[in-house]
Amino acid sequence: MSKVYRVGIIGCGGIANGKHLPSLKKLNNVELVAFCDIVESRAEEAAEKYGVEGAKVYSDYKELLKDSSIEIIHVLTPNDAHAEISIASLEAGKHVMCEKPMAKTAAEARSMVEAAKRTGKKLTIGYNNRYRPDSWHLKQVCEEGDLGDIYFAKAHAIRRRAVPTWGVFLDEEKQGGGPLIDIGTHALDLTLWMMDNYKPKVVLGTKYHELAKKENAANAWGPWDPEKFTVEDSAFGMIVMENGATIMLESSWALNSLEVDEAKCSLSGTKAGADMKGGLRINGEQHSRLYTHEVDLKSGGVAFYSGHSESDADIEMRKWIEAVDQDLEPVVTPEQACVVSEILEALYESARTGKAVYMNQG
């Protein structure tokens with residue numbers, strides 16, 4: 001790749017500094033030329049650490065988008081701003097990577113898909129767990145039909161006590177929800193991707209706000225303030241697909257459970273099953289005997305990886321820039337991410353009303 005792409009960053013908080021910026025900085029064909037944040041000092045700090053010489057700093061993303069030399073935008077803001085900024089960036093002629101979830105609402109997510117089609121620009125969503133070695137290997141297993149038809153699955157996103165107490169994570173107005181939309185979205189994306197099934201029929205969801213009420217609670221990042229904990233602390237759902245397949249989704253930031261799994265899935269097919277518990281395991285029956293096969297992910301490799309020194313985030317950024325450079329479909333398509341958002345919204349609606357929500361009826 002000989003072309004060097006000029007990239008602008010909108011939102012210079014934790015996810016920018018923790019994932020996007022370090023990995024983009026490693027790519028020889030990327031220049032980080034513009035940084036925007038409503039807190040301008042954050043943009044200045046990011047520009048100083050990761051930007052090219054002369055990188056520009058903004059507090060208004062609309063001003064950044066006026067720079068016609070910028071070809072790619074990363075939208076790394078709270079959820080309620082994802083759609084507005086992504087659509088404006090696409091319409092300004094930029095390719096866009098937006099952090100997960102795609103948007104706060106399903107309508108906004110659909111508007112993002114429409115904007116990408118209308119402008120002809122590429123749009124992808126930051127579902128980085130697809131790039132793990134276990135995820136990529138299991139995807140190959142599924143694509144080759146080793147599991148047969150997958151008709152039952154579980155999407156796991158359970159934390160025992162790990163409530164993010166910083167930023168806007170506990171703010172329903174900014175985020176649209178709690179663990180379901182924050183980490184449940186990763187588990188659901190993985191599960192749908194493995195099944196290659198994006199046609200939900202009906203969902204039934206529940207959500208709880210029980211442990212959130214506790215004062216001085218044990219928590220990985222220190223006690224939360226019950227007054228500010230406005231989102232659910234756990235949420236669960238059943239999703240029935242048009243072909244009859246069933247997905248059980250579990251998510252929590254705080255739950256009295258010792259079964260802790262995050263961004264993982266379990267799959268049951270007509271030929272075999274698989275799960276990501278304690279490593280990647282394939283299970284089935286052969287010659288009238290049951291077997292469990294533990295996959296050694298430390299040996300060998302696939303073309304997806306350019307080297308063992310790459311992190312999941314490094315691979316995610318590399319594959320995204322390759323998609324732009326080589327005019328390829330992104331690993332995460334906007335249409336796939338939109339279905340995730342539609343299911344999440346339906347689960348929240350079901351939890352609110354106590355009724356099942358039927359999808360795609362119109």
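The values are calculated or read from the model by the stated rules, or taken from the named source; none is laboratory data. Bear in mind the structure is a predicted one, so any value in this text is a computation, not a measurement. Note that each Cβ is placed from the backbone with ideal geometry, even for glycine, and that neighbours are counted across all protein chains shown. All accessible areas refer to the heavy atoms of the entire protein, side chains included, with ligands and DNA or RNA removed. Shrake-Rupley method; radii C 1.70, N 1.55, O 1.52, S 1.80 Å.
What are the pairs with Cβ atoms under 8 angstrom where one residue, in the stretch 25-54, is more than 21 Å from ARG318 (Cβ to Cβ) and of a type in the set (Asp, Glu) and the other, located anywhere, is assigned to a helix (DSSP H, G or I) and open to solvent by less than 100 Å² (accessible area, probe 1.4 Å)? Sequence gap at least six, or different chains.
From the stretch 25-54, the pairs are ASP37/ALA43; ASP37/ALA46.
Go through ALA83, ALA103 for me and flag whichever is outside any loop (DSSP other than H, G, I, E, B), modelled with pLDDT of 95 or more and in contact with a Lys or Arg (Cβ under 9 Å, 6 or more places away or on another chain). Lay out the reasoning, then the answer.
On the way: ALA103 fails: outside any loop (DSSP other than H, G, I, E, B).
Result of the check over ALA83, ALA103: ALA83.
State whether the residues of the stretch 125-134 include one that is in contact with an Asp or Glu (Cβ under 6 Å, 6 or more places away or on another chain), open to solvent by 20 Å² or more (accessible area, probe 1.4 Å) and of a type outside the set (Lys, Arg). Show your work before the answer.
Residues of the stretch 125-134 in contact with an Asp or Glu (Cβ under 6 Å, 6 or more places away or on another chain): 126-128, 131-132.
In the following step, the residues that additionally are open to solvent by 20 Å² or more (accessible area, probe 1.4 Å) were identified as 128, 132.
Adding the requirement that they be of a type outside the set (Lys, Arg) leaves 128.
Yes, that holds for at least one residue.
Select from the stretch 26-48 the residues that are of a type in the set (D, E, K, R), in a loop (DSSP other than H, G, I, E, B) and farther than 16 Å from ILE72 by Cβ and list them in ascending order.
ASP37
Do you know which residues across the stretch 1-25 are in a loop (DSSP other than H, G, I, E, B) and closer than 17 Å to VAL324 by Cα?
Answer for the stretch 1-25, where residues must be in a loop (DSSP other than H, G, I, E, B) and closer than 17 Å to VAL324 by Cα: MET1, SER2, LYS3, VAL4.
Scan the stretch 157-167 and give yes if some residue there is within 17 Å of LEU192 (Cβ to Cβ), assigned to a strand (DSSP E or B) and touching a strand residue (DSSP E or B) at 6+ places or on another chain (Cβ under 9 Å), otherwise no.
yes
Which one of these is open to solvent by less than 10 Å² (accessible area, probe 1.4 Å), modelled with pLDDT of 95 or more and out of contact with any Phe, Trp or Tyr (no Cβ under 9 Å at 6 or more places or on another chain): MET194, MET241?
Of MET194, MET241, the one residue that is open to solvent by less than 10 Å² (accessible area, probe 1.4 Å), modelled with pLDDT of 95 or more and out of contact with any Phe, Trp or Tyr (no Cβ under 9 Å at 6 or more places or on another chain) is MET194.
Taking the residues in the stretch 327-354 that are without any contact (Cβ under 8 Å) to a residue 24 or more places away in the chain and part of a loop (DSSP other than H, G, I, E, B) as candidates, determine which candidate is surrounded by the most Cβ atoms within 10 Å (Cβ to Cβ).
Top of the filtered list is LEU328.
Please specify each residue of the stretch 88-99 satisfying the condition of being farther than 15 Å from ILE9 by Cβ and surrounded by 23 or more Cβ atoms within 10 Å (Cβ to Cβ).
LEU90
Considering only residues that are surrounded by 15 or more Cβ atoms within 10 Å (Cβ to Cβ) and more than 15 Å from ARG161 (Cβ to Cβ), look in the stretch 205-219 and name the one that is farthest from the chain's Cα centre (by Cα).
HIS209
Just to be sure, is LEU180 in contact with a helix residue (DSSP H, G or I) (Cβ under 8 Å, 6 or more places away or on another chain), open to solvent by 10 Å² or more (accessible area, probe 1.4 Å) and over 17 Å from GLN336 (Cβ atoms)? Break it down into steps so the answer makes sense when it comes.
Details: in contact with a helix residue (DSSP H, G or I) (Cβ under 8 Å, 6 or more places away or on another chain): yes; open to solvent by 10 Å² or more (accessible area, probe 1.4 Å): no; over 17 Å from GLN336 (Cβ atoms): yes.
No; evaluated as a whole, the condition is false for this residue.
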